[in-house]
Structure formats: C-alpha cells, structure tokens
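Rule-based calculations on the coordinates, nothing more; no lab input. Computed from a predicted model, the values in this text were never measured in an experiment. In this analysis, Cβ positions are derived from the backbone assuming ideal geometry, glycine residues included, and neighbour counts consider all displayed protein chains.
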Amino acid sequence: MGASYSQDLRDRVFGARDRGLKTKEVADLFDVSPSWVRRVLQRRREEGRTTPLPRGGVTVVKIDMERLRQLVQEQPDATIRELHERLGIACCESAVGMALGRLGLSFKKRRSTPRSRTGPTSPSGGRSGKTLNPRATPSD
C-alpha cells in the first residue's frame, strides 16, 4: 500500500477544480485518477476535510512487552495461545503475535505438527538437470 498524496498536491487539485476544470481534466493535469479526485472533493464537501485520512497502525499497545519477553524465556516453545492465556489481559491472540514480532522473538505456531507426508522430490545424489559442461550443445 502506497503513501498518501501530499497536502500540496491536494491543495493544487482543489484549486484547479475551484477554477472550473472538470474532474477528468484535473486528474490528467496532476497525473492522478479521476476517482481519487472525486473522493477528495466529496470528502471536502461532506466533512470539510482536506487532509489525508489517518493511516492504519497500532496506537495503543496493551501488552507488557517485558512480561511477554519473560514468558518466552521461561518457555521458548510456547504457542501464541499459551502466551495469551499466561498474560491474562484483554487482548486478542493476534496482538500477542504482533508484539512477538516487534520484540524480534520467534514463536511456535502450533501445539504439535505432524510429520510431513511428502517425501523428497528427487533422490539424494541424483542429477539436478543442469548441464555439467556449459559449452555442451544439446544433441539433435
């Protein structure tokens, strides 16, 4: 997802539209989509807002990061669900996963993982399909 357009561009779009240019002409002039021009004009008309809408992101972290780090040190193979239960706070499990990511800690994803049912796709020591001699030409 890209960044919001600058306030300077928005002001120039509003000015051009206020001078009487049509939406398509404004969009072509500033190399933006006509739908974006319509949306910012509608937002200005209905809400009085000329600035970009707030971007996503966490504003409040409910998790005590040091407590989480301590829990992971005590049991490194704990799942997110187990860590969430041990923290005992009102947040979702995904918040615990994001906090682990912010701390740079890895975590076990499942309680137990069955052994893979697929075997190796080629025998060990088998040929890779690459040509051993780069000067070799394919035979006709």
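What number of residues within the range 75-97 satisfy the criterion of being surrounded by 12 or more Cβ atoms within 10 Å (Cβ to Cβ), over 9 Å from residue 63 (Cβ atoms) and either within 20 Å of the chain's Cα centre (by Cα) or aromatic (Phe, Trp, Tyr) (or both)?
3
Can you pull out every residue in the range 1-34 that is in contact (Cβ under 8 Å) with a residue 40 or more places away in the chain and surrounded by fewer than 14 Cβ atoms within 10 Å (Cβ to Cβ)?
4, 7
Within the range 45-74, which residues are surrounded by fewer than 16 Cβ atoms within 10 Å (Cβ to Cβ) and assigned to a helix (DSSP H, G or I)?
45, 46, 47, 65, 66, 67, 69, 70, 73, 74
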